[in-house]
1. Check Val37, Val44 and return the single one that is of a type in the set (Val, Ile, Thr), free of Cβ contacts under 8 Å to residues at least 40 places away in the same chain and either under 30 Å from Phe141 (Cβ atoms) or assigned to a helix (DSSP H, G or I) (or both).
2. Which fully enclosed helices (runs of 4 or more DSSP H) of the stretch 134-198 have 1 or more residues being surrounded by fewer than 16 Cβ atoms within 10 Å (Cβ to Cβ)?
3. If you take the residues in the stretch 295-319 that are in contact (Cβ under 8 Å) with a residue 60 or more places away in the chain and assigned to a helix (DSSP H, G or I), which one is surrounded by the most Cβ atoms within 10 Å (Cβ to Cβ)?
4. List, please: which pairs have Cβ atoms under 8 Å, are six or more places apart or on different chains, and start with a residue in the stretch 115-142 that is among the acidic types (Asp, Glu) and end with one that is part of a helix (DSSP H, G or I)?
5. Please determine whether any residue of the stretch 54-70 is surrounded by fewer than 19 Cβ atoms within 10 Å (Cβ to Cβ) and within 24 Å of Ala121 (Cα to Cα).
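Nothing in this text is a laboratory measurement; each read-out follows from the coordinates by a stated rule. The shown structure was predicted, so the numbers you read here are calculated from the model rather than taken from an experiment. Virtual Cβ from ideal backbone geometry, glycine too; neighbours counted across all protein chains shown.
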Amino acid sequence: MSGPVGRAAAVAQLEHAWDLAAAGEWEQSGAAYARLVGNPDAEVHVAALLGLAEARYRQDEEPGALQAWLAATQAPETSNSWRAWKALAAARVREGDLAGATRAYREAERRAPAEDRPEIASRLGWLTKEMGQGQAAQRYFSRARTDVAPSPVATWTILALTVGIGISELLGNGPLWIGLLGLDKPAVAEGEWWRLITVALVHDDSFFLHLAFNMYALYMVGPLIEALYGAPRFVLVYVLTAAAGSAASYIVSPGVNGVGASGAIFGLFGMLLVSNRVHRPALTRSARGLTGQIGMLIGLNLVLGFSIPNIDNAAHIGGLLAGAWLGFVLVPRGATLSSFWQRPGAQVAAPTAGLPGASGAAGDARVGRDTILRLAGVVALVAIIVLAVGLGPLGRS
């Protein structure tokens with residue numbers, strides 16, 4: 001690549017550099033990032049500096065990394081400026097400059113998104129405590145405790161409700177709950193469409209492992225997806241993927257009633273897999289480890305589903321496809337590579353923001369169009385579910 005780099009080419013170059021870094025090719029990654037340093041788009045310039053600094057640091061070139069972090073803090077403000085200040089603070093700690101680290105962490109905290117401030121406040125607490133500033137340390141520790149991100153309430157609520165019903169089934173109330181909430185397909189044909197969703201709350205009382213596997217999977221991936229998307233959208237995804245799995249089961253196997261949350265669970269798997277590949281959200285190390293195993297987990301469970309009799313693979317595949325679609329359509333909250341490492345929904349996250357001749361109104365219009373397109377994607381999935389159930393089972397005369 002030679003000559004001036006436009007925004008589209010810059011985004012492609014950043015993605016290429018990111019992929020090289022993920023593969024451990026730090027020298028090549030650094031070279032790819034370095035090509036974009038000095039780009040007239042401040043977002044490109046700062047993102048490239050951060051990538052270059054990381055590549056240098058991974059190659060034990062601390063002075064070069066420090067130089068890049070300093071340059072990023074002195075560049076025009078962008079959505080990534082706080083990351084530069086945070087990295088600079090960590091470098092100051094390694095140098096033993098606790099006062100300089102404290103100043104840098106304060107700058108990072110002032111600029112950081114709300115969900116990242118508690119961690120920075122905690123670090124400030126330890127630093128000020130180390131410097132003998134007990135009162136300041138208590139203030140920072142208090143801020144770290146009170147500003148923590150909300151717990152995954154929606155996930156725990158769904159899990160508790162499903163487990164509670166499951167225990168009741170094991171105690172002998174299975175026929176009652178299945179009769180009320182199960183996927184009774186003749187009843188669905190008579191208009192009881194809510195069963196497409198409520199089936200996720202009941203399981204086969206003679207097969208405890210069915211409930212145990214689904215709830216363990218929900219416990220593993222639910223909090224991560226809820227953190228990425230927020231409780232309302234998490235509930236929406238769970239409901240729609242459950243309905244999509246039930247609709248697929250209804251049209252493929254109309255003569256067999258169904259139970260279980262497998263459609264919704266596969267939907268969460270599909271959403272996490274596609275969202276991670278398409279939007280590239282910023283994840284913790286443990287979350288990256290989990291998402292890296294999702295593809296293998298999906299494949300293994302599909303193979304088991306086709307190998308073991310009486311497994312409703314139509315529901316699994318229907319939920320999986322719906323989740324994959326929602327993972328493509330819906331953009332996670334927080335920093336993502338697809339949104340140029342900016343917070344979606346904010347004016348600065350508009351693809352035209354910062355470009356010569358671009359106006360705030362144009363950026364807002366683009367954000368509005370993106371929101372409409374995402375809503376249209378969700379509505380399209382609902383329409384497909386309704387159409388599938390309305391048309392009835394395949395092969396019906």
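1. Val44
2. Values: elements: 134-146, 153-168, 174-181, 185-189, 195-198.
Ranges flagged: 134-146, 153-168, 174-181, 185-189.
3. In the first step, residues of the stretch 295-319 are kept if they are in contact (Cβ under 8 Å) with a residue 60 or more places away in the chain; the result is 312, 314-319.
When the remaining residues are screened for being assigned to a helix (DSSP H, G or I), the result is 314-319.
Details: Ala314: 21, Ala315: 31, His316: 27, Ile317: 20, Gly318: 28, Gly319: 33.
Among those that are in contact (Cβ under 8 Å) with a residue 60 or more places away in the chain and assigned to a helix (DSSP H, G or I), it is Gly319.
4. Here the result reads Asp116/Trp82; Glu119/Ala144; Glu130/Leu98, each pair linking the stretch 115-142 to a residue that is part of a helix (DSSP H, G or I).
5. Keep residues of the stretch 54-70 that are surrounded by fewer than 19 Cβ atoms within 10 Å (Cβ to Cβ), which gives 58-64, 67, 70.
Subset that is within 24 Å of Ala121 (Cα to Cα): 70.
Yes, because at least one residue in the stretch 54-70 is surrounded by fewer than 19 Cβ atoms within 10 Å (Cβ to Cβ) and within 24 Å of Ala121 (Cα to Cα).
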